[in-house]
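See structure below.
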Amino acid sequence: MADYAFFHKKFLPLSEAKIGILTHALHYGTACFEGIRGNWDREQNRFCLFRIQDHYKRMLQGCRILKMNLQYSVDELCRLTGELVERSGYREDVYIRPLAYKSSEAVGVRLHNLEDDFFVIVTTLPPYLDTEKGVRCCTSSWRRVDDTMIPPRGKICGIYVNSALAKTEAWENGFDEAILLTQNGHVSEGSGENIFLVLGGKLITPPSSDDILLGITRDTVIKLAKNELGIDTLERQVDRSELYLAEECFFTGTAANIAPILEIDHRPVGTGKIGTITAKLQKLYATVILGRNPKYTEWYYLVSP
Ligand SMILES: Cc1ncc(COP(=O)(O)O)c(C=O)c1O
């Protein structure tokens, strides 16, 4: 088993996939990517590439924003990713990282008159946040970039400097993760996760107009909460002080899964322990991503190596 790439239309060991140092995307962040989980189901001997179609649809939206034309359909992207996972030989959870980028080796900031290319890598991912113990957060001194700067609805590489500034500031100050506010001071999201609050027994999450990435895990949680727990989610603006009053709070993301937030700005969230709604959603999510629930077959892309 090994990290593998689909690169220049070939399947290769990752160590053989190289790009030139003048590549446009490296200098100017002109690329967009996805993070997809391939969940290994030991009992069924297969991977569930969870909501891979939705990830590739979002990547193609990012390509439109960046004026890239990939020449692959969502179905083709899913097929070649499935083959890549098979070739890697892994029999454990994998992390899939597709990236579409301005591949011309050219100097000059622009989006036009450049070649595009695409690769996808399969690797493994250590736990991103501690979903069992929960995480401690701070409100970042960095504000979330807004749609008039770099559109956050695309996973555009350049935008992640904003996330990296916030994440490292949080980490250097002894926190696990940062919560970014919008330019107007409303709660937006974590550096690589969406955020939910439980207030008065209701689920609340910031709306797309508050400069969030429209997360696929966010959507999964909204649907699981409604279908399985009978809880509606309110998508509305959230004030910073509401974070301090919430009964429960958690992050969602492909890398982070559902990560309980136990402390924000040195204040305990609710009782300071993992809340009951958060715990129920974690349990539901952990089983649904394995691809066994017939209610959610449209979310599953199964690969049996
Ligand atoms: C900034 C940001 N917000 C939210 C998310 C969560 O999105 P998803 O659930 O689609 O992984 C991510 C992760 O991709 C992210 O980078």
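The values are calculated or read from the model by the stated rules, or taken from the named source; none is laboratory data. Computed from a predicted model, the values in this text were never measured in an experiment. Reconstructed Cβ throughout: ideal geometry from the backbone, glycine too, with neighbour counts over all protein chains shown. The accessibility values were calculated without ligands, DNA or RNA, using every heavy atom of the protein model including side chains. Shrake-Rupley method; radii C 1.70, N 1.55, O 1.52, S 1.80 Å.
The value given for segment 113-270 is a Kirkwood hydrodynamic radius of 16.1 Å, derived from the mean inverse Cα-Cα separation. Quick check on segment 186-305: take the gyration tensor over C-alpha atoms, sort the square-rooted eigenvalues as a ≥ b ≥ c, and tell me if it's rounded (a/c under 1.5), prolate or oblate. Prolate, since a/c reaches 1.5 and a/b exceeds b/c. Treating each Cα of the chain as one equal point scatterer and applying the Debye formula with no solvent, the log10 of I(q)/I(0) at q = 0.07, 0.11, 0.13, 0.15 Å⁻¹ comes out as -0.27, -0.69, -0.96, -1.24. Rolling a 1.4 Å probe over the heavy atoms of the protein chains gives the chain an accessible area of 47 Å² per residue. Each residue of segment 191-201 was assigned a 3J(HN,Hα) from its phi angle through the Karplus curve 6.51 cos²θ - 1.76 cosθ + 1.60 (θ = phi - 60°); the sequence is 5, x, 8, 7, 10, 10, 10, 10, 10, x, x Hz, with glycine and proline shown as x.
Could you give the distance between the Cα centres of segment 92-111 and segment 56-77, to the whole Å? Distance between centres, Cα-based: 12 Å.
Considering only Cα atoms, the convex hull volume of segment 184-248 works out to 81 Å³ per residue.
Note on the chain: helix-only mean residue ellipticity at 222 nm, from DSSP H runs of 4+ residues weighted -39500 (n - 2.57) and normalised by residue number, equals -8000 deg cm²/dmol. For segment 1-148, taking Cα atoms only, Rg and Dmax work out to 17.1, 52 Å respectively. Taking the charge dipole of segment 180-305 about its Cα centre, with +1 at Lys and Arg Cβ atoms and -1 at Asp and Glu Cβ atoms, the residue from LEU199, ILE274, GLN237 reaching farthest to the positive side is ILE274. Relative to the first principal axis of the alpha-carbon coordinates of the chain, what is the inclination of helix 216-229, with its axis defined by its Cα atoms, in degrees from 0 to 90 and to the nearest 10? Long axis of 216-229 versus the principal axis of the chain: about 50 degrees. Counting only Cβ charges, +1 for Lys and Arg and -1 for Asp and Glu, the dipole size of the chain around its Cα centre is about 460 debye.
Taking 7 Å steps out from each Cα toward its Cβ at SER209 and ASN293 produces label points 3.1 nm apart. How far, in degrees from 0 to 90, does helix 276-288 lean away from the longest principal axis of the Cα atoms of the chain, to the nearest 10? The angle comes out near 30 degrees.
In terms of the mean number of neighbouring beta-carbon atoms within 10 Å, the peptides 42-53, 181-192, 60-71 order highest first as 181-192, 42-53, 60-71.
Within the accessible area of segment 235-305, the carbon and sulfur atoms contribute 54%, probe 1.4 Å, all protein chains present. Hydrodynamic analysis of segment 173-216 uses the Kirkwood radius over alpha carbon pairs. Inserted into Stokes-Einstein at 10 °C and 1.306 mPa s, it gives a translational diffusion coefficient of 140 µm²/s.
In this simple spin-label model, placing a label point 7 Å from the Cα along the Cα-to-Cβ direction at both ASN173 and ASP239 gives a separation of 2.1 nm. Ordering GLY134, ASN39, ILE179 by the projection of their Cα atoms onto the charge dipole of the chain, which places +1 on the Cβ of Lys and Arg and -1 on the Cβ of Asp and Glu, puts ASN39 at the extreme positive end.
Compared with the dominant principal axis of the Cα atoms in the chain, helix 160-172 is inclined by about 50°.
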